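> Structure below; questions to follow.
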Amino acid sequence: MLRPKRPPVEAMTLGTRMHWIASAALGWALALTVCHAQADPGVPIEPREVREWLMRIHNAASQRNFQGTFVVSAAGVVSSARISHFFEGADQFEWIEPLDGQPRHVLRHNSEVHTVWPLSRVALVEQRDVLTSFPSLLLGGDDRIAELYDVQVQKPERVAGHDANVLLLRPRDAYRYGYRLWADKETGLLLRSEVLNERGDVLEVSAFSDVRIGVRSQPEVVLQPMRTPAGYRVITTHLQPTQLDVEGWALLKPVAGFRPLSCFRRPLGAVLSADAKPPATSALHAVFSDGITYVSVFIEPYIEDRHLRAMLTSAGATRTLMSRRGDFWLTVVGDVPAVTLRAFTLALERKK
């Protein structure tokens, strides 16, 4: 993969994708699984059943206690992390320890997320409400998933020591990828997922290599380290909610079933060392979803020595399209085909 200057967030890396999936109880990925599907293998699921199943399984998955090792493999790169997730009352707690790259751990209590780098003694504190907003598409009665994807139950298999139901989602157009998902029969927890291109080739695999479900809840395992030790530099990132039109932008034409999910301003850059200075500028970040996957649009000021040239890059299922628009630099990212990113780029216009 050609590596340009890093876009405004580090969500383009496989390690962060694993964090994205793992955060919020494996978030939207878990919402795709089927727990006790009764249909025969290969039989399509009726559209009226899809939303009910997705909501039921999403809710069940977010309320499970589990611990395991989660692995993401794509484009010859393998990333892994140890994950612990606990649920008590209305609260969720998570500990994520990536096993590759710079030592760090990610702690989450509901929407508050702490990323801690022990070697540089830096702690980054963020609010990530966007990760928990996915169910609003379904809670609002949005049944379009069955319009965008053909959903079928496949033959059950065994994954990470658990019996699993298998669900296949085939896209009905060229603007999204397909998915094959393995869910624990008893609990609905996502055990494995594959992202498939238009030919059915596997672009990316995310899976538990081992997992224990129903472990004892231990919220202090998460809360205690969130009380940052003395001597750490604590940097708090504030996301400012906004809207594209308020910021002087418009998406002239809806893109292939994607709807706006959130929009906010966020600081540019990442803090990776104790002597790093907080970013002086911010990027506009708009998130769109078709109910299954996301597309992120970042708009930041154009800087000549930072933004070298327009390009399309790929890593596994993730596509990133970067281009200049007058005094601004656009970065469109998602687990979608390039045609989808181009559609977003062409539809985005600066209001005069």
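The values are calculated or read from the model by the stated rules, or taken from the named source; none is laboratory data. Just so you know, these numbers come straight off a predicted model, no measurement behind them. Reconstructed Cβ throughout: ideal geometry from the backbone, glycine too, with neighbour counts over all protein chains shown.
> Residues Glu186, Glu204, Glu220: which one is among the acidic types (Asp, Glu) and surrounded by 20 or more Cβ atoms within 10 Å (Cβ to Cβ)? Before the answer, list the steps.
Working: Glu186 fails: surrounded by 20 or more Cβ atoms within 10 Å (Cβ to Cβ); Glu220 fails: surrounded by 20 or more Cβ atoms within 10 Å (Cβ to Cβ).
So the residue among Glu186, Glu204, Glu220 that is among the acidic types (Asp, Glu) and surrounded by 20 or more Cβ atoms within 10 Å (Cβ to Cβ) is Glu204.
Yes or no, residue by residue, for (1) of a type in the set (Val, Ile, Thr); (2) surrounded by 15 or more Cβ atoms within 10 Å (Cβ to Cβ); (3) closer than 26 Å to Val205 by Cβ:
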residue	(1), (2), (3)
Tyr294	no, yes, yes
Tyr302	no, no, no
Ala310	no, no, no
Thr313	yes, yes, yes
Gly326	no, no, no
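Residues checked against (1) closer than 18 Å to Ala315 by Cβ; (2) in a strand (DSSP E or B); (3) not assigned by TED's automatic domain parsing to the domain that holds Leu124:
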site	(1), (2), (3)
Val72	yes, yes, no
Asp100	yes, no, no
Leu107	no, yes, no
Val113	no, yes, no
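> Would you pick out the residues in segment 257-275 that are at pLDDT below 90 and outside any strand (DSSP E or B)?
Leu268, Gly269, Ala270, Val271, Leu272, Ser273, Ala274, Asp275
> Name the single residue that is surrounded by the fewest Cβ atoms within 10 Å (Cβ to Cβ) among those in segment 279-292 being at pLDDT 90 or above and of a type in the set (A, V, I, L, M, F, W, C).
Filtering segment 279-292 for residues that are at pLDDT 90 or above and of a type in the set (A, V, I, L, M, F, W, C), the one surrounded by the fewest Cβ atoms within 10 Å (Cβ to Cβ) comes out as Val287.
> When segment 95-121 is examined, which residues are found to be polar (S, T, N, Q) and surrounded by 15 or more Cβ atoms within 10 Å (Cβ to Cβ)? Steps first, please.
If we filter segment 95-121 for residues that are polar (S, T, N, Q), which is where we start, we get 102, 110-111, 115, 120.
Asn110, Ser111, Thr115, Ser120, listed by residue number.
> Here is a follow-up. List, please: which pairs have Cβ atoms under 9 Å, are six or more places apart or on different chains, and start with a residue in segment 333-352 that is in a loop (DSSP other than H, G, I, E, B) and end with one that is basic (Lys, Arg)?
If the second residue must be basic (Lys, Arg), the pairs left are Asp335/Arg17; Asp335/Arg176; Asp335/Arg319; Val336/Arg176; Val336/Arg319; Pro337/Arg176; Pro337/Arg319.
> Leu191 fails exactly one of the following numbered conditions: (1) farther than 27 Å from Ser289 by Cβ; (2) free of Cβ contacts under 8 Å to residues at least 60 places away in the same chain; (3) among the hydrophobic types (A, V, I, L, M, F, W, C). What is the number of that condition?
(1)
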